[in-house]
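Have a look at the structure below before the remarks.
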Amino acid sequence: MVVRMRHTRSHTANRRSHHALKAPALAVCKNCNATHRPHHMCLECGYYNGRQVMDLQAKKEARQTRLEAKRSAQNVAVADNTPEAAADEGKK
């Protein structure tokens, strides 16, 4: 199908005038004064509406220990795959 009528620049600009991005609305946390989305938990401290809904400190510590265990397992695997270890196995 062929376009029969061309839209003028002003008509196109009027249509696109609502396409601009808007800054998100932010609220201030009552516990730590950090900004967060309204009606959502604060991502810094885990509080919502004056009460703690998630212990983010414990989650961060658990994630850190998990990552350290993963790194140590990778280091052990890399140490096992060294050429010296492969040569020692070949001699046996």
Here are several values of Cα extents along the principal axes in Å: (1) 86, 24, 20; (2) 40, 38, 18; (3) 83, 54, 19. Which one was derived from the coordinates shown? (3)
Give me, ordered by chain and number, the residues 5 or more places off residue 46 or on other chains with an amide H under 5 Å from its own placed amide H. none
If r is the Cβ-Cβ distance from residue 9 to residue 43 and R0 is 41 Å, what FRET efficiency results, to the nearest 0.05? 0.45
Identify the trypsin sites (Lys or Arg not before Pro) of the stretch 1-75 meeting these criteria: DSSP loop state and at most 14 other C-beta atoms within 10 Å of the C-beta. 4, 6, 22, 30
Note, ³J(HN,Hα) from phi for the stretch 50-61, Karplus 6.51, -1.76, 1.60, rounded to Hz, x at Gly and Pro: x, 9, 7, 9, 8, 8, 6, 5, 5, 5, 5, 5
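Give, in nm to one decimal, the length gained when the segment between residue 68 and residue 80 is fully stretched (0.36 nm per residue of separation minus the Cα-Cα distance).
Result: 2.5 nm gained on full extension.
Each reported figure results from applying straightforward, stated rules to the coordinates on display, with no laboratory input. From a predicted model like this one, the values you see are computed outputs, not experimental measurements. Cβ: placed from backbone, ideal geometry, glycine included. Neighbour counts: every protein chain shown.
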